[in-house]
Amino acid sequence: MSETSKIDWIVFDIETARDIEASCATKGEMWQRLRAGEGGLSVAVTWDSRTQDYELYDGWTVDELAERLESFPVSCVFNHHFDVDVIESLIGRRLVLPQVVDPLEWFRQANGEKPVKGSRLSLLAEWNLGLPKEGNGADAPHLFTDGKIAHLVRYCRGDVQRLRDLVRLARDNGTLLGPNGLVELPLPSWLKDLA
């Protein structure tokens, strides 16, 4: 296949700005309110196949982030139900993403549409790439309010790098190690054409 027929793609991750857990009666309420944008956005990082580089966004440039994501035929995110919902809430409209690649969905589909315990980005990256995650997304609002922006950006960029590398590995092998061993993933046929 020629290089010109490869599909451009973008990988992204967001971190919230505010910790709202104390004002929520349940974890479910917290996640619902975060998806509705109540936690804001502290940083977002993208990597894309066109530039082979990372870009940084924040709560003031979320509209630019949305436009950038929409300029690619394929967007890759882990747990798209969260990140996409937050962005849509903050920009006040639906994102138009032609194709979304979400490894969490691959594991759910491979498991008969049921949630798969242990299919977190941190564990998948450690099992498949030997790259343990540093930190936790729940710490992001605290890093933001403490002014530790460089640490927050490094954390988010690390998630984007791990996600990109996981997708490349899945694209090349059709499998990833999951909580119960090697998993044959229900990958779309076009995935092999990602640049």
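Quick one: how many residues across region 144-159 are out of contact with any strand residue (DSSP E or B) (no Cβ under 8 Å at 6 or more places or on another chain) and in a helix (DSSP H, G or I)?
Filtering region 144-159 down to residues out of contact with any strand residue (DSSP E or B) (no Cβ under 8 Å at 6 or more places or on another chain) leaves 145-148, 150-151, 154, 158.
Those left that are additionally in a helix (DSSP H, G or I): 145, 150-151, 154, 158.
Within region 144-159, residues that are out of contact with any strand residue (DSSP E or B) (no Cβ under 8 Å at 6 or more places or on another chain) and in a helix (DSSP H, G or I) number 5.
Return yes or no: is GLU55 of a type outside the set (Ser, Thr, Tyr) and either without any contact (Cβ under 8 Å) to a residue 12 or more places away in the chain or under 21 Å from LEU169 (Cα atoms) (or both)? First the steps, then the outcome.
On the way: of a type outside the set (Ser, Thr, Tyr): yes; either without any contact (Cβ under 8 Å) to a residue 12 or more places away in the chain or under 21 Å from LEU169 (Cα atoms) (or both): no.
Answer is no for this residue.
Residues in region 119-140 that are more than 15 Å from the chain's Cα centre (by Cα), part of a loop (DSSP other than H, G, I, E, B), without any contact (Cβ under 8 Å) to a residue 24 or more places away in the chain and surrounded by fewer than 16 Cβ atoms within 10 Å (Cβ to Cβ): how many?
The initial filter retains those residues of region 119-140 that are more than 15 Å from the chain's Cα centre (by Cα), namely 126-132, 134-135, 139.
Next, only the ones that are part of a loop (DSSP other than H, G, I, E, B) stay: 130-132, 134-135.
If we keep only those that are without any contact (Cβ under 8 Å) to a residue 24 or more places away in the chain as well, we get 130, 132, 135.
If we keep only those that are surrounded by fewer than 16 Cβ atoms within 10 Å (Cβ to Cβ) as well, we get 130, 132.
Final tally of qualifying residues: 2.
Determine the pairs where a residue that is free of Cβ contacts under 8 Å to residues at least 24 places away in the same chain, located within region 141-160, has a partner that is part of a helix (DSSP H, G or I) and among the charged types (D, E, K, R) with Cβ atoms under 8 Å apart, the partner being 6 or more residues away or on another chain.
Cβ pairs passing all conditions: none.
Among (1) under 19 Å from the mean Cα position of the chain (by Cα); (2) not in a strand (DSSP E or B), there is one condition GLU29 misses while meeting the rest; what is its number?
Just one mismatch for GLU29, condition (1).
Restrict the check to region 90-113 and report whether at least one residue is at pLDDT 95 or above, more than 15 Å from the chain's Cα centre (by Cα) and not in a loop (DSSP other than H, G, I, E, B).
Yes, the conditions are met somewhere in region 90-113.
Hey, does region 65-78 have a residue that's surrounded by fewer than 18 Cβ atoms within 10 Å (Cβ to Cβ) and either touching a Cys at 6+ places or on another chain (Cβ under 8 Å) or modelled with pLDDT under 90 (or both)? Even if it seems obvious, please write down each step before you answer.
Narrowing region 65-78 to residues surrounded by fewer than 18 Cβ atoms within 10 Å (Cβ to Cβ): 67, 70-71, 73.
Filter once more, keeping what is either touching a Cys at 6+ places or on another chain (Cβ under 8 Å) or modelled with pLDDT under 90 (or both): none.
The answer is no, given that none of the residues of region 65-78 is surrounded by fewer than 18 Cβ atoms within 10 Å (Cβ to Cβ) and either touching a Cys at 6+ places or on another chain (Cβ under 8 Å) or modelled with pLDDT under 90 (or both).
When the residues of region 32-49 are filtered to those that are touching a residue at least 60 places away in the same chain (Cβ under 8 Å) and in a loop (DSSP other than H, G, I, E, B), which remaining residue is farthest from PHE82 (Cα to Cα)? Show your work before the answer.
Going residue by residue through region 32-49, those that are touching a residue at least 60 places away in the same chain (Cβ under 8 Å) are 39, 42-47, 49.
Of the ones still in play, those that are also in a loop (DSSP other than H, G, I, E, B) are 39, 42, 49.
Numbers: GLY39: 12, SER42: 15, SER49: 23 Å.
Among those residues, the one meeting the criterion is SER49.
Residues of region 150-195 being under 16 Å from the mean Cα position of the chain (by Cα) and of a type in the set (Val, Ile, Thr), which ones?
Within region 150-195, VAL153, VAL160, VAL167 qualify.
Which condition does ASP83 not pass, out of (1) of a type in the set (D, E, K, R); (2) modelled with pLDDT of 85 or more; (3) surrounded by fewer than 19 Cβ atoms within 10 Å (Cβ to Cβ), if it passes all the others?
Of the numbered conditions (1) of a type in the set (D, E, K, R); (2) modelled with pLDDT of 85 or more; (3) surrounded by fewer than 19 Cβ atoms within 10 Å (Cβ to Cβ), the odd one out for ASP83 is (3).
Within the group ASP165, ASP146, ASP172, which residue is surrounded by fewer than 12 Cβ atoms within 10 Å (Cβ to Cβ) and under 23 Å from ILE10 (Cβ atoms)?
Working: ASP165 fails: surrounded by fewer than 12 Cβ atoms within 10 Å (Cβ to Cβ); ASP146 fails: under 23 Å from ILE10 (Cβ atoms).
Only one candidate qualifies: ASP172.
The values are calculated or read from the model by the stated rules, or taken from the named source; none is laboratory data. Fair warning: this is a prediction, and the values are worked out from it, not measured in the lab. Every residue, glycine as well, gets a Cβ built from its backbone with ideal geometry; the counts of neighbours run over all protein chains shown.
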